[in-house]
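Here's the structure, in structure tokens; my notes come after.
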């Protein structure tokens, strides 16, 4: 079974790591080749490899084929929907996952946002909505979150928003299945009883898997301390529930003097409780894994067969993959099964030893728990770095204290409190309050540790020798005690933290135009300095592209200081992320095209003629010139980057009058690369301006399917006619290029192509 599991997973992940389309002939060719190998080799393992490819292909194709058709994208569509999960809201915006009712034009499952809804939206409501939808798509940036992968595994066929108006009507409330009613009842009961919102959020998460109440700040604290697993329905919770079911049945059997096989009855009760908990908690992957392992373990024990832990976990893995192939994409699948494998490995290599001196047994137990936490930190480190770009150094210490409290107080009292309902609600409420009090202790510890600078460190992109540093910490888990090679794990961790991606050589500049949607943000990196040009847009929901794109990109490149932040002008699609950047990164100097009310008071207006030099690369503004005063788009700071005779021009949103002024004054001439002004609007890119620049590369920053239709076709054709290769972030993702004194644009990377996976359109 172990080999079968490995080959099945190999087929699944081989496809996930592929970059070609599902309708590509490569898939058919690969399947034929594997089938031939199966016939010739007569091996079942090849068949499992084929099965892994096939089941993931079929599961993904089902979602792809259900996506909204292109002809309906952007239309105002009036349809009925049912809210199928807890809405997540902030001060101004509500995010909803809904299923459409009776509309064959739309996919079954959609995700929409509603800005300032006039009434509360609840789980189970039936609404008539006026929607504007588009196909699932997200930005592609180094270090960024893969939104399209998340939408696929959540089975979302369209995303969009609710159009404000009278067509939006609540038709019915409370259209819930039994399990949904139970989940809603539990959440409402916890909210009413627990006054501390953050404690109520955790209790709702660990009881019925409802995590919509958890704030971003709370998620961040738990992530920094390596305790995010406490807010997920994990094997720990399911195991505690099963143990409670077993002992309760055993006690009742003993009190009733039932003479039949009490062990069998108690075991069946444990399985029933575990299955119920799994269903009512939302069928999370860790809960599925734990329930299956408990069922397989119980079956082996009752049948009198030898328990083989690795075979049990392999069988559970195969069942999960067969039932839900897309689950293999989730971090929970990878981390859950990997953590159990590490624990099984430790249990087999280091059998527990009781200290004969009773007084020292507690200290021995604490030491063993600490060793387990350290092994989990190092054993899971490659996954946590690849998935989250983070190492939570505080995790062993915090978990050493938090996990026992959580295991023996929080979870049991929470489950007991939820079971004691109806006539026994008073006793149940006391149990829930006790669970909330234990969370207060845990939260105090997490808050105190999360603020420590060493609690968690962000890692940079994994490239070159960093891949070796990433796998070396596994030596501490794999090698037996006493091996001198084990200590290399800690050296590798230090090397991984200190690793910095290669910077461009002197005389070169890396210019990365980030995929921030309908806005602009560019990061220019020289050998030792960083210039950020524009901060990306802000959103009505309260977030910004700086938080989701720019800051992760800077962290991915190991950048924690910006030498100069240039904000071309005050429009929100260029200046919306300033506050996030200033709050999270050290900014030494700032230049702006026009005043930024309420944001930055120390910023200085950019002025034509201002120059500075970083590592052999010269930067200078060519607009605006004093004493002429501009506002709006024409106030944009226009920045020239020059190394030797090679140049790149960053233009902001300047329009034709400024373009003509720059051409007449001779301030601009032929360049190697240009950021096309105003996202490819017809108000810019005048013919004299294009002919004066004659770039080899013209980059447009615009969102996919934007309502203005940027970049305009005739504008693109104008740049093409001037000899430029035109790239658009909406189709290329982030666009990175290196400008050097020798050779001009010596490299050009389109990250949507480079990082492409089969779910990327």
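Looking at segment 656-669, is at least one residue farther than 28 Å from residue 733 by Cα, part of a loop (DSSP other than H, G, I, E, B), in contact with a strand residue (DSSP E or B) (Cβ under 8 Å, 6 or more places away or on another chain) and touching a residue at least 40 places away in the same chain (Cβ under 8 Å)?
Within segment 656-669, one or more residues are farther than 28 Å from residue 733 by Cα, part of a loop (DSSP other than H, G, I, E, B), in contact with a strand residue (DSSP E or B) (Cβ under 8 Å, 6 or more places away or on another chain) and touching a residue at least 40 places away in the same chain (Cβ under 8 Å).
Taking the options 314, 327, 295, 303, name whichever one is buried (at least 18 other Cβ atoms within 10 Å of the Cβ) and within 24 Å of residue 244 (Cα to Cα).
295
For segment 504-512, does any single residue satisfy the condition of being touching a helix residue (DSSP H, G or I) at 6+ places or on another chain (Cβ under 8 Å), closer than 22 Å to residue 565 by Cβ and touching a residue at least 12 places away in the same chain (Cβ under 8 Å)?
So far as segment 504-512 goes, yes, one or more of its residues are touching a helix residue (DSSP H, G or I) at 6+ places or on another chain (Cβ under 8 Å), closer than 22 Å to residue 565 by Cβ and touching a residue at least 12 places away in the same chain (Cβ under 8 Å).
Could you grab me the full set of residues in segment 679-706 that are part of a helix (DSSP H, G or I) and either at pLDDT below 95 or over 24 Å from residue 138 (Cβ atoms) (or both)?
Matches in segment 679-706: 687, 688, 689, 690, 691, 692, 693.
On the basis of being out of contact with any strand residue (DSSP E or B) (no Cβ under 6 Å at 6 or more places or on another chain), in contact (Cβ under 8 Å) with a residue 24 or more places away in the chain and outside the structural domain of residue 709 (by TED's automatic domain parsing), does residue 55 make the cut?
yes
Among (1) touching a helix residue (DSSP H, G or I) at 6+ places or on another chain (Cβ under 6 Å); (2) surrounded by fewer than 17 Cβ atoms within 10 Å (Cβ to Cβ), there is one condition residue 173 misses while meeting the rest; what is its number?
(1)
For segment 108-131, which residues satisfy the criterion of being in a strand (DSSP E or B) and buried (at least 16 other Cβ atoms within 10 Å of the Cβ)?
Residues satisfying the conditions are 109, 110, 111, 112, 113, 114, 126, 127, 129, 130, 131.
Sort out for me the strands (runs of 3 or more DSSP E) sitting completely within segment 557-634 that have 2 or more residues that are assigned by TED's automatic domain parsing to the domain that holds residue 533 and touching a residue at least 60 places away in the same chain (Cβ under 8 Å).
564-567, 617-623
From 431, 435, 375, grab the single residue that is in a helix (DSSP H, G or I), surrounded by 14 or more Cβ atoms within 10 Å (Cβ to Cβ) and modelled with pLDDT under 90.
375
For the subset of segment 618-640 comprising residues that are in contact with a strand residue (DSSP E or B) (Cβ under 6 Å, 6 or more places away or on another chain) and within 18 Å of residue 701 (Cα to Cα), which member is surrounded by the fewest Cβ atoms within 10 Å (Cβ to Cβ)?
Only one residue tops the list, namely 640.
I want to confirm something. Restricting to segment 193-215 and keeping residues that are closer than 17 Å to residue 413 by Cα and more than 28 Å from the chain's Cα centre (by Cα), which single residue is surrounded by the most Cβ atoms within 10 Å (Cβ to Cβ)?
194
In the list 524, 550, which residue meets the criterion of being outside any helix (DSSP H, G or I), assigned by TED's automatic domain parsing to the domain that holds residue 644, surrounded by 23 or more Cβ atoms within 10 Å (Cβ to Cβ) and modelled with pLDDT of 95 or more?
It is 524.
The values are calculated or read from the model by the stated rules, or taken from the named source; none is laboratory data. Note that this is a predicted model, so its numbers are computed, not measured. Reconstructed Cβ throughout: ideal geometry from the backbone, glycine too, with neighbour counts over all protein chains shown.
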